[in-house]
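Below is one structure, written out as structure tokens; comments come after it.
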Amino acid sequence: MSTHFQHAREIGTLMCQATREILWQPAADWVRDRSGAVRLVCRVGAGQATYHRFDSTRRVHLINYGARMIAAKQAAESAEGWLSTREIRQRGYFEGEVSPLNLLAHTCCHEFAHLLQQSAGQRHYGSVHNRHFYRILDQLYDSGGAEATRTWLEGRAATLNVDLSARRLELPDPKAQAMRWQPGDAVWFGEGSARRQGLVRRVNRKTCTVDGTGKYRGSRYRVPFALLRRLGD
Ligand SMILES: [Zn+2]
């Protein structure tokens with residue numbers, strides 16, 4: 001097992017404890033009244049999948065934190081693109097500051113908000129991140145639950161010598177990236193046999209729409225800024 005993965009699992013174990021001690025304990029009675037759930041199981045999964053699920057037969061809530069998700073949130077390049085990164089920046093959680101510590105404390109709150117949402121009967125198929133969900137998540141911040149989770153994680157990680165950085169990650173700014181491109185730019189993307197070329201048709205928020213040229217004429221692609229290269233580069 002790589003040390004990288006081992007490190008992610010250690011953080012995951014702390015996230016499980018924080019979820020149970022800081023978020024679940026004060027809410028447990030309310031949840032039991034609402035949904036008849038008897039307990040919460042938190043675990044660290046090997047992959048990247050991170051979710052809350054309610055087993056209605058056994059009346060058990062399950063929260064799974066993916067070790068690969070935890071590893072990805074340690075560095076700027078891989079932390080970009082996660083919903084938790086967007087939520088912190090767009091909703092101003094933790095003053096909008098994205099760091100490994102804030103991202104993972106937020107992940108605990110995000111999954112726990114799903115647990116509360118489900119208990120309140122407001123999780124609907126096809127609209128999981130709905131306004132009910134964000135009202136609950138906002139409340140976790142307003143009530144101090146999110147801050148308490150972060151403080152607990154930071155303290156425990158320090159005590160146990162687990163590296164969980166509170167340093168801000170410098171994320172690429174999508175607006176600045178978008179300004180580098182304009183319709184008509186000749187570009188290429190992809191490597192080896194997957195390499196394609198074309199002309200920028202439209203500049204979107206995080207991608208360009210590209211019309212294929214040459215033998216790719218007739219195809220249209222949506223390409224993330226980070227993968228686009230100027231023809232001739
Ligand atoms: Zn979610």
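Enumerate the calculated ³J(HN,Hα) couplings along region 185-196 in order (Karplus 6.51 cos²θ - 1.76 cosθ + 1.60, θ = phi - 60°), each rounded to whole Hz, writing x wherever the residue is Gly or Pro.
Karplus values, whole Hz, x for Gly and Pro: 4, 8, 9, 9, 7, x, 10, x, 6, 8, 5, 10.
Nearest 20 debye, what's the magnitude of the dipole of the chain about its Cα centre given +1 on Lys and Arg Cβ and -1 on Asp and Glu Cβ? It would help to have the intermediate numbers written out before the result.
Numbers: 35 positive and 22 negative charges, 227 e Å.
Using only the charged Cβ atoms, the result is roughly 1080 debye.
For region 174-230, with only Lys/Arg (+1) and Asp/Glu (-1) charged at the beta-carbon, what is the dipole magnitude about the Cα centre, in debye rounded to 20? Working shown, then result.
Working: 14 positive and 3 negative charges, 26 e Å.
With Lys and Arg at +1 and Asp and Glu at -1, about 120 debye.
Set Lys and Arg Cβ to +1 and Asp and Glu Cβ to -1, take the dipole of the chain about its Cα centre, and tell me which of Asn161, Val38, Gly81 lies farthest positive.
After comparing all options, I get Gly81.
Could you work out the helix-only [θ] at 222 nm for the chain, with each DSSP H run of four or more residues adding -39,500 (n - 2.57) and the total divided by the number of residues, to the nearest 500 deg cm²/dmol? Write out the running numbers ahead of the final one.
Values: 9 runs with 99 residues, N = 233.
The per-residue figure over the chain is -13000 deg cm²/dmol.
What's the ranking of 80-86, 158-164, 17-23 by average number of surrounding C-beta atoms within 10 Å, highest first? Write out the running numbers ahead of the final one.
Details: 80-86: 16.4, 158-164: 12.0, 17-23: 20.6.
Output ranking for 80-86, 158-164, 17-23: 17-23, 80-86, 158-164.
Could you let me know the centre-to-centre spacing of region 30-86 and region 166-219, using Cα atoms, in angstrom?
33 Å
Cysteines without a disulfide-compatible partner in the chain, using Cβ under 4.7 Å as the rule?
Singleton cysteines: Cys108, Cys109, Cys208.
Using amide H atoms built 1.01 Å from N in the peptide plane, name the residues 5+ places from Cys42, or on other chains, whose amide H lies under 5 Å from its own.
Counting only residues 5 or more places away or on other chains, the set is Ile63.
Going highest first, how would you order 51-58, 204-211 by mean Cβ packing within 10 Å? Walk me through the intermediate numbers first.
Details: 51-58: 13.4, 204-211: 17.6.
Per-residue Cβ counts within 10 Å, averaged per peptide and sorted highest first, yield 204-211, 51-58.
Hey, can you rank 114-124, 32-42 by average C-beta count inside 10 Å, highest first?
On the way: 114-124: 18.7, 32-42: 15.5.
Put in order of decreasing packing, that is 114-124, 32-42.
We did not get these values from a lab; they are worked out from the coordinates using the rules stated. This is a predicted model, so every value here is computed, not measured. With ideal geometry, Cβ positions are generated from the backbone for all residues, glycine too; neighbour counts draw on all protein chains shown.
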